[in-house]
1. Around B:ILE156, which amide H atoms from residues at least 5 apart in sequence, or from another chain, sit under 5 Å from its own amide H, with H modelled in the peptide plane?
2. Run lengths n ≥ 4 of DSSP H only: what is the helix-derived mean residue ellipticity at 222 nm for chain B, with -39500 (n - 2.57) per run over all residues, to the nearest 500?
3. What residues from segment B:34-69 fall in the zone where the backbone N is under 19 Å from a label point 7 Å along the Cα-to-C-beta line of A:ARG154?
4. Starting from the 7 Å offset along Cα-to-Cβ, what nm value, one decimal, do you get for the label separation of A:GLN311 and A:GLU327?
5. How large is ³J(HN,Hα), in whole Hz, for each residue of segment B:61-76 in order, when computed from phi with the Karplus curve 6.51 cos²θ - 1.76 cosθ + 1.60 and θ = phi - 60°, using x for Gly and Pro?
6. Measure off 7 Å from each Cα along the Cα-to-Cβ vector at B:LEU61 and B:LEU214, then give the distance between these two points in nanometres to one decimal.
7. Testing the spin-label approximation: label points 7 Å from Cα along Cα→Cβ at A:ARG72 and A:GLU269. State their distance in nm.
8. Could you tell me the calculated FRET efficiency between B:GLU229 and A:ARG172, based on Cβ-Cβ distance and R0 = 30 angstrom, to the nearest 0.05?
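The values are calculated or read from the model by the stated rules, or taken from the named source; none is laboratory data. Note that this is a predicted model, so its numbers are computed, not measured. No Cβ is skipped: glycine too gets one built from the backbone with ideal geometry, and neighbour counts run over all protein chains shown. We work out accessible area using only protein heavy atoms, side chains counted, and drop any ligands, DNA or RNA first. Shrake-Rupley method; radii C 1.70, N 1.55, O 1.52, S 1.80 Å.
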Amino acid sequence: MTSNKIIKNIKSIIFIFSLTVVLPLGMNAQRMGHSASRGGGGHSASRPSTSRPTTSRPSTSKPSTRPSTNNRSINGGHKKTTTRPSTRPSTNKATTNRPTTRPTTNNKTTNKRPTTNNKNKGNKIDNSKRNINIDNSKNININRNNTRVNASSRHYTRPPYRYGGHRYYCHRPYFYHPYRPFYWGPVWHPWGFFVATLATTAIIISIENQKYHFDSGVYYVSSDGGYTVVQAPVGATVKTLPKETEKVVVNDTTNNYYYGGAYYEKSDEGYTVVPATAGTIVPNLPEGGEEVKIGDITYVQFGDTYYQPIQVDGKNMYEIVEVKEDE
Amino acid sequence: MKNYSLFFALLFSICITAQTKKIDPTAILILDHMSDVIGELESCSFSLSSSFDSKDPDYGLIKKFITSDIIFSGPNKMLSHIEGNNGKKGFWYNGEQVAYYSYTENNYVLIEAPENTIATIDKLHFDYGIQFPAADFFYPAFTDDLLNDFQNIQYIGKVAIENEECFHIKAENDEMIVQYWVSNNAYRTPKKYLIIYKEKNNSHYEATFSNWQLNPKVPESIFEFTPPENAKKIKILAKKK
């Protein structure tokens, strides 16, 4: 045998070894380790890395000794694919022969991760960049990063809620209450609302070459011969805000002014629209959000902004969530 | 020469690992019997009462409890109600989709589901982090998986649990110790199990089965979800792939 041939053989053995050891790990990722079945929040998604025995598993497949004949079985029938130990073992001879009969892939099919996962059907959420839920029929698509969230300057004492590679930070505990959009009075309109004419009191504001009409705390852009309500553009400054505007605490030294889902900072020039800051608590949310279940928590989502339902002194409120990606 | 060294190193590690496994055939026999019966069932229902250690952000380490009522029928029907610290939830799987309803929040989501119950449980867990207590027992290759994942599986003996004689089996690997108690009856139904997580400060997860019904007649209609009045359909975020 030439040395080249020997090396080739060794490479083949190593290849088979990698297949038989690595492949089942991947396929078996959802079970034994019991992760799907442990129940209880403390262990969620914490499947231990299976320290599977590194015994080689040749790819020669042998049919199961008990063919499953029960089509109505709740799990397709018990699959026994390995040779069972026949005698009570002494400490070190137990299963040395067991894995040699285990087929590499047979009988695992029911437990494979479903291949439909990539269909992105149903009600999975499209995580691609998107703007707020403005009524698309008006075809208004203005993105001013209004749903971007500034990080909180306050330290979080509560651990984040972890889900899907993200950490969701909040200062207060989750307290569910249903999302019911709030209306700030007869002159306030939700995003996407269309009006044919504007009041004469409306003023024009230009931000990044986009002309806005501002009236009574509401921003409009021209469309279809009328005006459609849009989000408050970050950077816009107005002299006055409606009397329903509330002061909300951002941190020990900063307050924002909150009206109609928009956040303002007060300056000598007036009130300037700013992005939301994580940790800020608001009493109400406007129309345009949607409830989304993220693990065990139901947040209200506006574009990139997530609000966690909370309760403060017995009153239902929302805290802006700080979302960080796991490193 | 370098290639030979690698080969022998691999061979050596294989032999060493194989030799350190301790598998008790009596334990395997009992677990196989249990899985045989489960695999032959066309339907079943049971209740599960479980408890686990949890690190609470406000109170530190505390014990939490969950009760579940589960019904399986045929290869693709499941109804599960789970109640615990996070409220009460129901899951209706009709072979095509899963309706996940929160009684506590009165909202629900609909999730497209694979064609059988086990694949659906897997999907819900992997895509949405949803856990089904005791689902492991219903995986068709339960014993094989145990043999693969644990270095030691031992039969300890008989013990009475809630006035029922049970076989006590222990399985252990580097990360956890799992103990099973299987009823010493004709059906070898699982009675109780306990998981000790070595790498999580020996925290415990414990669950006890009750109200086993084997092959009950289950109307198909119970697996269809009808949203209660005022229940709100919401979205669900899948975990990042």
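1. B:HIS168, B:ILE169, B:LYS170
2. Roughly -7500 deg cm²/dmol at 222 nm, from the helical runs in chain B.
3. B:57-59
4. 3.7
5. 6, 9, 9, 10, 10, 9, 10, 9, 10, 10, 10, 10, 9, x, x, 9
6. Once both label points are built, they end up 3.9 nm from each other.
7. The modelled label-to-label distance comes out at 7.6 nm.
8. On the way: r = 31 Å, r/R0 = 1.02.
Efficiency computed from Cβ-Cβ geometry: 0.45.
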